[in-house]
Amino acid sequence: MAKNKSDRQGFVYSTDPDFKFEPDADQPATLPPAQQRLRIQLETKHRGGKTASVILGFTGTDDALQELAKKLKSFCGTGGNAKDGEIIIQGDHRDKLLQWFQKQGYTQVKKSGG
């Protein structure tokens with residue numbers, strides 16, 4: 001008898017022999033740059049006093065999010081992370097990020113925070 005592999009919702013076993021896991025269809029298609037509504041804000045909470053520029057509002061797949069984060073980290077010359085639909089860039093790079101987004105065709109990008 002073939003074993004069913006677990007999925008992201010925590011299902012491990014089914015008594016139905018024809019049971020198949022459905023692929024996750026909750027990821028939206030990646031919007032083109034002109035339609036992305038992004039916000040760049042500065043955060044210091046929960047980061048040990050360190051500042052971080054956070055990009056919120058990205059609509060797309062995880063792969064596209066990771067690729068965008070890689071480009072931004074390379075452009076700023078710093079570290080960062082991308083998860084849960086947000087990109088975290090270490091340090092205060094809001095102005096630099098805003099200019100990069102505008103050059104790449106992202107027209108609906110706003111900078112917020114002090």
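Some points to look at:
- Computed label-point distance, nm, for sites residue 46 and residue 64 using a 7 Å Cα→Cβ extension: 2.5
- Taken one residue at a time, the phi angles of the stretch 84-91 give Karplus couplings (6.51, -1.76, 1.60, θ = phi - 60°) of 6, x, 10, 10, 10, 10, 5, x Hz. Gly and Pro are set to x.
- Applying a DSSP loop filter and a limit of 10 other Cβ atoms within 10 Å to the GluC sites (Glu not before Pro) in the stretch 12-110 leaves nothing.
- Karplus-derived 3J(HN,Hα), 6.51/-1.76/1.60, for each residue of the stretch 44-55, Hz, glycine and proline x: 10, 5, 6, 10, x, x, 7, 8, 8, 8, 10, 9
- Given their separation in residues at 0.36 nm each and the Cα-Cα distance between them, residue 34 and residue 104 gain 24.3 nm when the chain is fully extended.
No value in this document is a laboratory result; all are computed from the given coordinates. A quick note: this is a predicted structure, and the numbers were derived from the prediction, not measured. Heads up, the Cβs are rebuilt from the backbone with ideal geometry, glycines too, and the neighbour counts pull from every protein chain shown.
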